[in-house]
Amino acid sequence: MARTSRRSKADAVLRLIRSDHRTVNELLRAFKRTDGERHRQAIVLTLCKELNAHALLEEELFYPALRSVARDGEVGEAYVEHSVVKGLVQKLEGMQPDEPYYEASVKVLGDLVEHHVDEEEDELFDLARRSQEDLQALAILMQERRAQLRQAQGLPQEAGEVIGLDEAAREAMLLGPGSKVPGMAGTVVNKLSNVVKGAMPRGRH
Ligand SMILES: [Fe+2]
Ligand SMILES: [Fe+2]
């Protein structure tokens, strides 16, 4: 009974992290499918913001909560992978899409993130389920901190739910405000479009 309850408390924390992972994954897939430098750059800049907010959230709250049950190096590897990801993010934030190695940098970033997410959702999620921390309190803390970090990055709070709903939603996101998506309110489509548009470099759209 106590075991079941601990697992379900961990689920609130893990759902939060998984939702961010799905958003990042959808942005990487959208990049691969999208032509046009402006839109590709907007997707990459949104991706960078998502990764900045997510990495800090984990480093400040999630990883420290695993210390009591982690073996040497288990969480250390994740910190090191974050630092490599952050280096590439910083590089991409300052690059133009027509520069050499822009596409290669996104590709390497995507591969790194994919590897990191796989390990996190496998090994670190397992540690979280065994953690002795108050997981309910951690979930609440993480929710609050996530909201602050997203705001600091200029990201909408609901991005985890709306970005990547389906193919049509992504199309609309790239087409811009006023696009029609069956079954989706125009305000949601416009909001999505503005998220990406807001990430576009000034004077280039
Ligand atoms: Fe991570
Ligand atoms: Fe993560």
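Residue by residue, here is whether (1) closer than 15 Å to LEU138 by Cβ; (2) within 16 Å of ligand 1 (Cβ to nearest atom); (3) in contact with a Gly (Cβ under 6 Å, 6 or more places away or on another chain) holds:
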position: LYS9; (1), (2), (3): yes, no, no
position: LEU28; (1), (2), (3): no, yes, yes
position: GLY36; (1), (2), (3): no, no, no
position: ALA53; (1), (2), (3): no, yes, no
position: ARG71; (1), (2), (3): no, no, no
position: GLY87; (1), (2), (3): no, yes, no
position: TYR101; (1), (2), (3): no, no, no
**Request:** Looking at (1) modelled with pLDDT under 50; (2) in contact with a Lys or Arg (Cβ under 6 Å, 6 or more places away or on another chain); (3) not hydrophobic (A, V, I, L, M, F, W, C), find the lone condition where GLY203 falls short.
**Result:** (2)
**Message:** Checking the structure you have, find out if any residue of segment 92-100 is touching a residue at least 12 places away in the same chain (Cβ under 8 Å), assigned to a loop (DSSP other than H, G, I, E, B) and surrounded by fewer than 12 Cβ atoms within 10 Å (Cβ to Cβ).
**Reply:** yes
**Item:** Leading residue by the ranking (farthest from the chain's Cα centre (by Cα)) among those in segment 51-74 that are aliphatic (A, V, I, L, M) and away from ligand 2 (no atom under 13 Å from the Cβ)
**Value:** VAL69
**Item:** Residue pairs meeting the criteria (Cβ under 7 Å; at least 6 apart or on separate chains; first modelled with pLDDT of 95 or more and more than 9 Å from ligand 2 (Cβ to nearest atom), in segment 15-26; second in a helix (DSSP H, G or I) and of a type in the set (Asp, Glu))
**Value:** THR23/GLU50
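The values are calculated or read from the model by the stated rules, or taken from the named source; none is laboratory data. Not measured: the values here are computed from a predicted model. Neighbour counts run over all protein chains shown; Cβ positions are idealised from the backbone, glycine included.
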